[in-house]
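Here's the structure we're looking at; comments come further down.
The values are calculated or read from the model by the stated rules, or taken from the named source; none is laboratory data. Nothing here was measured: the structure is a model prediction, and the numbers come from that model. Cβ atoms come from the backbone with ideal geometry, glycine included; neighbour counts cover every protein chain shown. Please note that ligands, DNA and RNA were not included when accessible areas were found on the heavy atoms of the full protein model with its side chains. Shrake-Rupley method; radii C 1.70, N 1.55, O 1.52, S 1.80 Å.
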Amino acid sequence: MSTDNDLMPDSVTEALARSSERMTDDAHARVRHTVMSSIRHDSRARYFASISHRIAATAAAIGLLSSGVAYAADNALPGQALYEIKRAAENALVAILPPGALENSVLVGVAGRRAEEAANLARDGAADDLISDAIGEVRAAVKAAESVAGPLSGEETTRIEERAQDAPVQTREAISNAVNAPDSAPTGGTGASGPSDTSGDGSGTGSGSQGNPDAPGNSGDTTGGAGAR
Amino acid sequence: MDRSASDPRKIARLVQRARKGDVVAFGHLYDEYADRVYAFLRTRTRTPHDAEDVTATVFLKAWESIRSYDERGLPFSAWLYRIARNAAVDEHRRNVRLPVPTEEPASEQAIDGPDEAVIAKVDTEKLRQAVRMLTEEQSSVIALRFWWDLSLKETAEAMGKNENAVKALQHRATRTLARMLQEDGRDEH
């Protein structure tokens, strides 16, 4: 008999615990979508209305744009010195956007940028963990876009995936998976490499511990990562 | 979903962020509490679909008013329950279909004690139906104490009552449930 529930016989307590009705996963997701899509614009407006955020974001954007650093950072990849500036500039831009189509479009654009970064890292033969992290960032950016705009349209996912068209096949597939199923667990380790080579591009060697086999310079010596592009 | 209480610090952080307009944090709060809100509303609505609709309403109302939520007052779960309870009342007024008793049912007649053997055999659906037949306050106590894991003190705060009143409600609810379930068990034999 519990202390606080001494008025309640154990059998009733147990039966009550059993009787709690849970939402189905579908219902949970359905209601979540209803709620989140209804509040998203309000949230942005509220954020926008916050003077401190607005001032900070505007100052950051103006500072970065006027210095020319942001432009130089545009092509920076994860791990490079200017990359943090690139991300800060993006965040500043997103923070000051009014809700609506422009905001949605920018967020999809940001996800496309992440996809392009992952593709470029793989193409340049970056380390597996860096590529894996970059694909994780694609996933996060897609989820961020969906939290504001709801599920992405086919046109939007295509727009993101197109930014990764230069990537080796396996990386492209991993990016595609991140874009189309951002809530699912990443498949095949980094998603950019793996022991199997079912793509027929000759890039997979099973030497995942020696970097990204999708990338030229690793396993790409034979048929080449270039062939996988 | 794990019914055990979530880490209060985590909830406090999420609430703090949500109060500033952080949608993602509010989404996490939804994930934490949606099942409990739904379970409570399921006792006050006829169909799962109705419960889903009102659950959405509850979270939308919570979002609208979260800026005014004072974390030094009610626990967040108790605050959310109040919104759920009010939404359930509104829904019931709009859609009077279920005979929701507002007075104490005729179960006040003495019952020596619940027949635990009978109750233990009761399936969950029957018990849920029985909870739905309790008065609103009684079913609220059951929901808060056993589905929301609120303490006696928190339940009292959420319902705007003192602890003794909650104890009495819980006691009556138990006896009423026992009576209904015993009758149900007899009917089947």
Problem - Accessible area expressed per residue, region B:49-88, with surrounding protein chains retained (probe 1.4 Å, Å²) - result: 42
Fill in the blank from the handout: Once the in-chain neighbours fewer than 8 apart are removed, the lysines whose Cα is under 28 Å from B:K167 read B:K121, B:K126, B:K153
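Restricting attention to region B:56-95, which GluC sites (Glu not before Pro) occupy a DSSP loop and are surrounded by at most 15 other Cβ atoms within 10 Å? Let's see the in-between values first.
Working: sites: B:E64, B:E71, B:E91; in loops: B:E71.
Answer in residue order: B:E71.
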Problem - Rounded to the nearest 20 debye, dipole of region A:71-179 from Cβ charges on Lys, Arg, Asp, Glu - result: 140
Practice task
Per residue of region A:80-93, in order, report the coupling 6.51 cos²θ - 1.76 cosθ + 1.60 (Karplus, θ = phi - 60°) as ³J(HN,Hα) in whole Hz, putting x for Gly and Pro.
Solution key: 8, 4, 8, 4, 4, 5, 4, 5, 5, 5, 4, 4, 5, 5
Completion exercise
Once the in-chain neighbours fewer than 8 apart are removed, the lysines whose Cα is under 22 Å from B:K20 read A:K143, B:K10, B:K61
Problem - Accessible area buried between chains A and B, both sides summed, probe 1.4 Å, in Å² to nearest 100 - result: 3600
Fill in the blank from the handout: Once phi for every residue in region B:152-158 is put through the Karplus expression 6.51 cos²θ - 1.76 cosθ + 1.60 (θ = phi - 60°), the whole-Hz ³J(HN,Hα) values, with Gly and Pro written as x, are 4, 5, 5, 4, 4, 5, 5
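Mean separation of Cα pairs under 8 Å and 6+ residues apart, divided by the residue count of region B:6-66: what relative contact order is that in percent?
Values: 30 pairs, mean separation 15.9, N = 61.
This gives 26 percent for region B:6-66.
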